[in-house]
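In what follows, a structure is listed as structure tokens, so that the remarks can point back to it.
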Amino acid sequence: MTTNVRNLLFLLGALWGLLLAALPAVLAFDDRFVLSPFLVAAFACAGLSSAVGALVAGRRAAASSARRGLLAVCGVGVLQCSVSGTLAALSIWLALAITISGFSVGSPGEILDLLWRPEIFVESAIAAVAVLAYALIVGTLLSPVVGAVLCRLVRRGSSARRAAPELR
């Protein structure tokens, strides 16, 4: 996989993650949408996790470039959504647990509340499961589209690499 393809996969994955995260964020803040530090962190987690998912799925698509068809394309899309959904859920779980505990740079001792109050982990785990379910459901439903875009991008990059002879 060339550097250009890898960069495009990263960029498209990040944009896809931000697009998927925007809908629940707007619905959660229906009356007034204000960018809080937690919301910015959630968008960053969504973008980065989806970018990593796109890179993993792109690597799989490049490795199995001989396979074509709807099943192969859907497999790439489902792999992208499962990797990005899992990473997003884990990062949201951690970020929400830290936020609920009241941790701040000014009072680092508040992080010990995570050890004394297990309900913080339970509350943040429920939110993480919701993030995972949302990512898996939407990603699986849209896997033919996402998989087709990723496969086409990887194939176009590999065909351009074969067409251009390397200078040594």
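Taken together, the values in this text are just the output of simple stated rules run on the coordinates, not laboratory data. Here the structure is a predicted model, which is why all the values come from computation and not from measurement. So basically every Cβ, Gly included, is an ideal-geometry build from the backbone, and we count neighbours across all protein chains shown.
Quick notes on this one:
- Distance in nm between pseudo-label sites at R152 and A22 (7 Å out along the Cβ direction from Cα): 2.0
- Couplings 3J(HN,Hα) for segment 88-102, derived from phi with the Karplus relation 6.51 cos²θ - 1.76 cosθ + 1.60 (θ = phi - 60°), are 5, 5, 5, 5, 5, 4, 5, 5, 6, 5, 5, 5, 5, 5, x Hz, where x marks Gly and Pro.
- Cβ crowding within 10 Å averaged over residues, with 125-131, 141-147 ranked highest first: 141-147, 125-131
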